[in-house]
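Student: Submitted below is the structure of interest, expressed as structure tokens.
Every number in this text was worked out from the coordinates using simple rules, so none of it is lab data. Predicted model, so just to flag it, every value in this text is computed and none were measured. Ideal geometry is used to build each Cβ from the backbone, glycine not excepted, and the neighbour counts take in all protein chains shown.
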Amino acid sequence: MKVEINTPSKSYSVIIKSGAIKLLGKQLNAKKYTKLYIITDQTVGPLHLDTLKAQLPNDLEAVEFQVPSGEQAKQFSVYEQCLEFALENGLDRNSCIIAFGGGAVGDLAGFVAATYMRGIDFFQIPTTILAHDSAVGGKTAINLPLGKNMVGVFHQPETVIYDIDFLKTLPTSEIRSGFAEVVKHALIADPQLLKYLMENITSLSEITDDMFVYILGRGIEIKAAVVSEDEKETGVRAVLNFGHTLGHAIEATAGYGKYTHGEAVMIGMVYALYLSKEKLGLTYDISKFIEWIHQLGYDSHIPNYLSFDQAFQAMQRDKKSVANKPYFVLLASVGKPVLEEVEKSLAEKTFITFKQME
């Protein structure tokens, strides 16, 4: 499957299939790069780096750098190490970076590519389900202790090569994390996709290759449509953050890495559904949705340690906030997202009710 991404700054393809990595060499040869710089992490590197390197052109020198796994990669200190490694190994403006890993590696490597010598090319080669969302659209970033993805820039990749064979080594927790973003795309844009997911996927360990190609491809198509309309997130692209307002707050207050991104976002989506019911009169059967995600192994509980005041303070720092007033992506109905300011009193009432129900 191939999805075309068209934005004002660049157009490129996302290729999704088993064995897609075999297309990498041809893609690189077409660009005449001087050197390749592979950024991967300490989990993906030992598992798959040899597979990647076997596809590189023989006459193109490549260097590699392994960063910590997960959100620990998205620190200023690691970002600085990546830049220094690039300089030490003689990368120039005609060199290329390959982001090889999950969403955190893609965010970091993309930011390195965007800022090194004021910007060089990079390829996204995702190895997780979660990265079907983060690898597309050009968002790159690293974290601050007080907020996730607060330092970054938009920088579109040259190509996204999504070989689903890499998904076969994922632990269940990573499958669960990435699948949450598939559910997000269904909730904000495609009721039929949501129906398909709820009727056909009752165990995350039984998703077939054909299912993966369909649901990941459909998720990327949904994101492509939004990104094409609003590349720099000045308007409609904000709807892609459904569930992320509370989700990012949970990640930041727990300490990055204690919750996977998808697990935190799933809790945030349930909270946003309840807010949608209270503020917009959403009639969707939330209890049926919660029953389904519990079957898949998700915990929909707001963490016991998290008070409303802590959560609200973190939500005020969310990038969608205006004048310290948190804005949420809510649903008027499934497939019809809206961006709404939510009064503190309603946010607190819903937060407390949600916590008591769980």
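Student: Can we say Lys17 is surrounded by fewer than 14 Cβ atoms within 10 Å (Cβ to Cβ) and not aliphatic (A, V, I, L, M)?
Tutor: no
Student: Looking at the range 1-50, which of its residues are among the hydroxyl-bearing types (Ser, Thr, Tyr) and within 19 Å of the chain's Cα centre (by Cα)?
Tutor: Keep residues of the range 1-50 that are among the hydroxyl-bearing types (Ser, Thr, Tyr), which gives 7, 9, 11-13, 18, 33-34, 37, 40, 43.
Scanning the range 1-50 gives Thr7, Tyr12, Ser13, Thr40, Thr43.
Student: Out of everything in the range 20-36 that is in contact (Cβ under 8 Å) with a residue 40 or more places away in the chain and over 20 Å from Thr128 (Cα atoms), what residue ends up being surrounded by the fewest Cβ atoms within 10 Å (Cβ to Cβ)?
Tutor: Restricting to residues being in contact (Cβ under 8 Å) with a residue 40 or more places away in the chain and over 20 Å from Thr128 (Cα atoms), the top hit is Lys32.
Student: Given the conditions (1) among the hydroxyl-bearing types (Ser, Thr, Tyr); (2) within 25 Å of Gly217 (Cβ to Cβ); (3) surrounded by fewer than 21 Cβ atoms within 10 Å (Cβ to Cβ), and given that Ser134 satisfies all but one, which numbered condition is not satisfied?
Tutor: (3)
Student: Given the structure, is Ile129 within 16 Å of Lys17 (Cα to Cα) and of a type outside the set (Ser, Thr, Tyr)?
Tutor: Spelling it out, Ile129 is indeed within 16 Å of Lys17 (Cα to Cα) and of a type outside the set (Ser, Thr, Tyr).
Student: Determine if the range 51-70 includes at least one residue that is among the acidic types (Asp, Glu) and buried (at least 20 other Cβ atoms within 10 Å of the Cβ).
Tutor: No, every residue in the range 51-70 fails to be among the acidic types (Asp, Glu) and buried (at least 20 other Cβ atoms within 10 Å of the Cβ).
Matching residues to (1) of a type in the set (Lys, Arg); (2) more than 19 Å from the chain's Cα centre (by Cα); (3) under 21 Å from Lys349 (Cα atoms):
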| site | (1), (2), (3) |
| --- | --- |
| Val239 | no, no, no |
| His244 | no, no, yes |
| Gly281 | no, yes, yes |
| His294 | no, yes, no |
| Pro303 | no, yes, yes |
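Student: Let me spell it out: the conditions are (1) in contact (Cβ under 8 Å) with a residue 40 or more places away in the chain; (2) part of a loop (DSSP other than H, G, I, E, B), and Val213 meets all of them except one. Which number is the exception?
Tutor: Condition not satisfied by Val213: (2).
Student: Go through the range 231-263 and give me each residue that's farther than 21 Å from Leu306 by Cβ and outside any loop (DSSP other than H, G, I, E, B).
Tutor: Residues satisfying the conditions are Val236, Arg237, Ala238, Val239, Leu240.
Student: Given the structure, is Ile161 in contact with a Leu (Cβ under 8 Å, 6 or more places away or on another chain) and within 24 Å of Lys10 (Cβ to Cβ)?
Tutor: yes
Student: Condition test on Ala254, is it surrounded by fewer than 20 Cβ atoms within 10 Å (Cβ to Cβ) and within 20 Å of Asn149 (Cα to Cα)?
Tutor: Here the answer is yes, as Ala254 does meet what is asked.
Student: Moving on to the next point. State whether the residues of the range 217-230 include one that is of a type outside the set (Asp, Glu), under 17 Å from the mean Cα position of the chain (by Cα), outside any helix (DSSP H, G or I) and closer than 18 Å to Gly178 by Cα.
Tutor: no
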